[in-house]
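Here is the structure we will look at.
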Amino acid sequence: MADNAPVLKAVVPAAGLGTRFLPATKATPKEMLPVVDKPAIQYVVEEAVDAGLSDVLMVTGRSKRSIEDHFDRAYELEEALRAKGDDERLEAVHESSDLAIMHYVRQGEPRGLGHAVHCARQHVGDEPFAVLLGDDMIDARDKLLRRMIEVRRRHGGSVVALMEVEPDQVSAYGCAAIEATDEDDVVRISDLVEKPSAEEAPSNWIIIGRYVCDPSVFDVLEKTPPGRGGEIQLTDALRTLADTPAGQGGGVYGVKFRGRRYDTGNKLEYLRTVVQFAVERPDLGPEFLPWLREFVREHDAGGGAAGSGDA
């Protein structure tokens, strides 16, 4: 396969148990928690489509059926909205079902991100593909995935998205050892370490939830033993590819991302994301933002409902 083969497919791992959000995720997939009025997973699929990837494979697990239902037609609901003449909401319902060509495969057991990606092998075949993690949302105004696909087209191999963080944050992520190229925002990856301590980290550049993978990653994942946490890590497979010759699908590059990223993987960041999206919505922001400012003033002053807590 030529290095410049087009990237046409996206893989979205969505099989996690969402334990950080219990009890809400006991029966509702974490990926379906709303960011204002749209589930987080829809923003991720929209990003893939915006980058030209309308063929999307969702890797799901047990109790995730509502994800499939969300991207499917809802004829009874559509007819009810049509009968009421509610064209605005009818269009919103159609938006999710018309968004992309959706496919689904189940990850039978939670064996890590690398295993979830390997579940996509039959669908992806011998083509490069993008991986988008549902916990990470990239602002629609920042075309990170498009840039990564362009870097893959020019350099071949695999491409990861990188963000610079404070040293005390690297232990929560995969971390990259990087070498400069002739492009300011592109680096070559020489090593990857999954969740290192601050002392062991090769840099402050961490991998965020966007990847463009050469199909050679599947053979590597098949041979990758469980790593940190007893799981098969995608980071470990990419580390192997970083030392693999380009003619064998090797080489790993990083795109330095300095744009807007929203982390919905924990409660605090999820709440921040909802507030940010609400403030920027033209139909909500003009009313919500003044209320929010007043709420903060009352909280800081220790008065009103906001002051009845731990102020």
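Modelled label positions at N204 and N4, each set 7 Å beyond Cα in the direction of Cβ, lie 3.7 nm from each other. Does a label point 7 Å from the Cα of R106, set along Cα-to-beta-carbon, have any residues of the range 60-78 with amide nitrogen under 12 Å, and which are they? So the set is 60-65.
The C-alpha atoms of the chain define a longest principal axis, and helix 267-280 lies at about 70 degrees to it. With all protein chains in place and ligands, DNA and RNA left out, the 1.4 Å accessible area ranks Y253, Y104 as Y104, Y253, largest first.
The long axis of helix 75-84 is offset from the longest Cα principal axis of the chain by roughly 40 degrees.
Pairs exceeding a 18 Å alpha-carbon distance, out of K9/K195; K195/K267; K64/K267; K143/K256: K9/K195; K195/K267; K64/K267. The angle separating the long axis of helix 87-97 from the principal Cα axis of greatest extent in the chain is about 20 degrees. Contact order, relative form, for the range 210-311: 12 percent (alpha carbon pairs under 8 Å, 6 or more residues apart, mean separation divided by residue count).
When only Cα pairs under 8 Å and 6 or more residues apart are kept, what is the percent relative contact order across the range 59-115? Mind showing how you got there, number by number?
On the way: 33 pairs, mean separation 30.4, N = 57.
In percent, rounded to a whole number, it is 53.
For K84, the aspartates and glutamates whose Cα comes closer than 18 Å to its Cα, not counting residues fewer than 8 places off in the same chain, are E76. Just one of [x] 163; [y] 117; [z] 139 is volume of the Cα convex hull per residue in Å³ calculated from these coordinates, so which is it? It is the one labelled [x].
In this structure, the amide hydrogen of I178, modeled 1.01 Å from its nitrogen in the peptide plane, lies closer than 5 angstrom to those of S190, counting only residues at least 5 positions away or on a different chain. If the segment from D182 to D142 were pulled out straight at 0.36 nm per residue, it would be longer than the present Cα-Cα gap by 12.2 nm.
Relative contact order of the range 12-126: what whole-number percent is it, with Cα pairs under 8 angstrom and at least 6 residues apart? Let's see the in-between values first.
Working: 127 pairs, mean separation 37.9, N = 115.
Averaging sequence separation for qualifying contacts and normalising by length gives 33 percent for the range 12-126.
Counted residue by residue at 0.36 nm each, then reduced by the alpha carbon distance between them, the extension gain from E95 to R228 reaches 44.0 nm.
Arrange the residues S203, S63 by how much accessible surface each exposes, largest first, with a 1.4 angstrom probe. Don't skip to the end; give the middle numbers.
Values: S203 25, S63 80 Å².
Ranked from most to least accessible, the order is S63, S203.
The values are calculated or read from the model by the stated rules, or taken from the named source; none is laboratory data. This is a predicted model, so every value here is computed, not measured. Every residue, glycine among them, receives a Cβ derived from its backbone with ideal geometry; neighbour counts consider all protein chains shown. Remember, those area values only see protein heavy atoms, side chains included, never the ligands or the DNA or RNA. Shrake-Rupley method; radii C 1.70, N 1.55, O 1.52, S 1.80 Å.
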